[in-house]
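Visitor: Sharing a structure with you now.
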Amino acid sequence: MRARPVPQPALDRMVPFAGHPVVVGVVPGGDPLVVRTAAAWAGAVGSRVVAAFADTSRHVVEERPDGSVTHAPLDPDSADDSWQDVEARLRTEVAEALRGTGVAWDLHYLAGRPDRALTHLARAVDAAVIVVGTRAPGSTAHLRELVEGSVAAHLAHHQHRPVLTVPLAVVDWKELRTPWER
């Protein structure tokens, strides 16, 4: 059986920036700089922001054509509805970050791997670009990135839309060490 070729980036697959949504990955308590960067891009090209959070403690039950999903907890015996509190918090944080920008927006609460969830959403809304922040500073985040990999890197290597990565912490070149020296 021959493997099906993976569609590659190409001029004919490029989504025009003007009028097409900007998908932005958000996390609870995340830096508003990521959302404001997405809003600046959306405002410059006359489009809207589609903010999205992918809850890794839940799995996708159904993907809808508009990019939204129905989801359930990974543990089938769990009746955990705390995701609704997280969604409400994210709505408040995104609204605050976008206050005064005049950019239309909405929020999708997704499930599963963030790179796959953002890719599905971007395809569904025909986004021109995906905006994500760099990892949060701290040893826990660094260890997690070593094990799981960077969401930005996964996006850049597994779908055809441009990925705009917003730096959230800058490391002095003189302080760079290898991962095993940390």
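The values are calculated or read from the model by the stated rules, or taken from the named source; none is laboratory data. Keep in mind that this is a model prediction, so the values were computed, not measured. To get the accessible areas, we keep the full protein, side chains included, count just its heavy atoms, and leave off ligands, DNA and RNA. Shrake-Rupley method; radii C 1.70, N 1.55, O 1.52, S 1.80 Å.
Visitor: In what sequence, largest accessible area first, do Ser57, Ser68, Ser78 appear using a 1.4 Å probe?
Guide: Result of the area sort, largest leading: Ser57, Ser78, Ser68.
Visitor: Could I ask something else about it? Where does region 1-109 land on the Kirkwood hydrodynamic radius, alpha-carbon pairs, in angstrom?
Guide: 16.0 Å
Visitor: Once the convex hull of the alpha carbons of the chain is built, what does its volume come to per residue, in cubic angstrom?
Guide: About 173 Å³ per residue, rounded to a whole number.
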